[in-house]
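Just below is one structure, and these are the notes that go with it.
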Amino acid sequence: MNEWKPYAIKEYDQQELHLLRGNKNFLEGFSIFEESHSKGEASGFAFPFRTNHHLIILLLKGKVKLELNLNTHILEPNDLISVSGHMVTQSIDFLEDSKAIILTFTKKFALKNTLQSRTLESFKLLSSTNSKKVSLNADELEIFISIATYLRLKTKNIEEDHIEHKIIHAFNLIFYELRALYEKQHPLLPIEVSRKEELSANFIHLLKSHLKEERSVSFYADALNVTPGHLTKVLKSISGKTARQLIDEAVILEAKILIANRSLSIAQIAESLNFSDQSFFGKYFKKATGYSPSAYRNNLAQG
């Protein structure tokens with residue numbers, strides 16, 4: 001398990017998540033299970049938290065409110081949402097008695113076992129900081145539940161002959177269905193990738209892993225084997241923002257999430273984000289937002 005400071009954002013690895021949920025049937029890098037919760041029931045997680053893997057959640061029954069990266073999502077029956085790895089969850093509220101199918105997979109598992117890894121890499125499940133919700137019609141729901149049921153049964157019988165191949169093929173099938181859903185309901189979501197988009201996706205992945213320790217453009221350029229100038233030019237053409245702007249945005253988002261937790265002092269937040277001192281953190285935050293950390297917290301309290 002990861003070492004965790006009480007004022008940091010908790011990170012659950014996949015094995016830890018399964019232990020917490022009491023799920024014993026999973027392969028390395030992949031699992032699928034069903035969960036039920038009563039209205040108002042505590043989720044059991046330490047908030048805020050993130051995971052080192054990706055999740056697909058299909059709500060079968062009830063109503064659930066999710067706070068992801070400071071955005072609110074209300075899930076109702078037949079709604080499906082993707083949660084990319086390293087996205088921060090601030091809260092999970094069960095507004096009604098609820099039941100959901102949850103699929104988890106690591107990026108390594110997906111890239112190793114999907115038939116079209118470039119398509120998978122481009123899919124915003126792996127790099128988006130904003131979750132996209134889709135609603136399934138009756139036929140789409142029946143197909144998804146059928147594949148999910150098959151996968152759940154197979155993960156309970158991992159001694160079966162050729163079980164990994166069966167699970168991988170079913171995983172590909174469910175991913176093709178997901179891609180079709182997102183293409184239909186979010187037609188502006190890009191599917192194919194260029195070399196520039198691939199570099200941009202790799203930068204975002206690195207940034208999620210290192211934003212607390214590294215805030216220099218040169219670090220990410222060196223890690224990606226390009227010059228800082230080339231990296232900034234590519235990111236500007238893809239996202240409309242420079243590498244410096246994207247780094248600062250990621251750090252500020254992390255800071256805002258921590259500031260929203262009133263049990264943490266500003267000094268603790270500065271330490272968690274590896275700033276040299278509270279004063280430097282305050283200046284950095286105010287330059288980006290126009291508010292000091294304390295003023296931003298007070299504005300949150302006032303609604």
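The values are calculated or read from the model by the stated rules, or taken from the named source; none is laboratory data. These numbers come from a predicted model, not from an experiment. Reconstructed Cβ throughout: ideal geometry from the backbone, glycine too, with neighbour counts over all protein chains shown. Only protein heavy atoms, including side chains, enter the accessible area calculation; ligands, DNA and RNA are left aside. Shrake-Rupley method; radii C 1.70, N 1.55, O 1.52, S 1.80 Å.
Results, tabulated for the structure shown:
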{"quantity": "Residue satisfying all of: in segment 92-121; surrounded by 16 or more Cβ atoms within 10 Å (Cβ to Cβ) and under 13 Å from LEU178 (Cβ atoms); modelled with the lowest pLDDT among these", "calculated": "LEU120"}
{"quantity": "Positions within segment 41-62 being part of a loop (DSSP other than H, G, I, E, B) and either in contact with a Pro (Cβ under 8 Å, 6 or more places away or on another chain) or among the small types (Gly, Ala, Ser) (or both), in sequence order", "calculated": "ALA42, SER43, GLY44, ALA46, GLY62"}
{"quantity": "Qualifying residues in segment 193-222 (those that are over 22 Å from PHE275 (Cβ atoms) and more than 21 Å from the chain's Cα centre (by Cα)) - the one most open to solvent (accessible area, probe 1.4 Å)", "calculated": "ARG195"}
{"quantity": "All positions within segment 63-74 that are in a strand (DSSP E or B) and surrounded by fewer than 19 Cβ atoms within 10 Å (Cβ to Cβ)", "calculated": "LYS65, GLU67, ASN71, THR72, HIS73, ILE74"}
{"quantity": "From the options THR51, THR104, residue that is in contact (Cβ under 8 Å) with a residue 60 or more places away in the chain, within 28 Å of GLU249 (Cβ to Cβ) and polar (S, T, N, Q)", "calculated": "THR104"}
{"quantity": "Selection count where residues are surrounded by fewer than 21 Cβ atoms within 10 Å (Cβ to Cβ), in a strand (DSSP E or B) and at pLDDT 95 or above, scope segment 75-91", "calculated": "1"}
{"quantity": "Any hit, segment 250-257, residues being out of contact with any strand residue (DSSP E or B) (no Cβ under 8 Å at 6 or more places or on another chain) and within 25 Å of LEU111 (Cβ to Cβ)", "calculated": "yes"}
{"quantity": "Residue in segment 164-175 that is modelled with pLDDT under 85, closer than 21 Å to GLY85 by Cα, in a helix (DSSP H, G or I) and open to solvent by less than 70 Å² (accessible area, probe 1.4 Å) present", "calculated": "yes"}
{"quantity": "Residue in segment 132-143 that is modelled with the lowest pLDDT, counting only those that are within 22 Å of SER84 (Cα to Cα) and open to solvent by 40 Å² or more (accessible area, probe 1.4 Å)", "calculated": "LYS132"}
{"quantity": "Segment 229-245: number of residues that are surrounded by fewer than 21 Cβ atoms within 10 Å (Cβ to Cβ) and either at pLDDT 90 or above or of a type in the set (D, E, K, R) (or both)", "calculated": "9"}
{"quantity": "Elements of type helices (runs of 4 or more DSSP H) in segment 262-301, at least 3 residues being in contact (Cβ under 8 Å) with a residue 12 or more places away in the chain and surrounded by fewer than 17 Cβ atoms within 10 Å (Cβ to Cβ)", "calculated": "278-289, 293-301"}
{"quantity": "Residue check, ASP161 over 25 Å from LYS283 (Cα atoms), in a helix (DSSP H, G or I), out of contact with any His (no Cβ under 9 Å at 6 or more places or on another chain) and not aliphatic (A, V, I, L, M)", "calculated": "no"}
{"quantity": "Residues (under 16 Å from VAL217 (Cα atoms) and part of a helix (DSSP H, G or I)) located in segment 227-238", "calculated": "PRO228, GLY229, HIS230, LEU231, THR232, LYS233, VAL234, LEU235, LYS236"}
{"quantity": "Selection status of ARG244, under 26 Å from the mean Cα position of the chain (by Cα), in contact (Cβ under 8 Å) with a residue 24 or more places away in the chain and over 24 Å from PRO228 (Cα atoms)", "calculated": "no"}
{"quantity": "Restricting segment 144-163 to residues that are acidic (Asp, Glu) and modelled with pLDDT under 85, the residue that is most open to solvent (accessible area, probe 1.4 Å)", "calculated": "GLU159"}
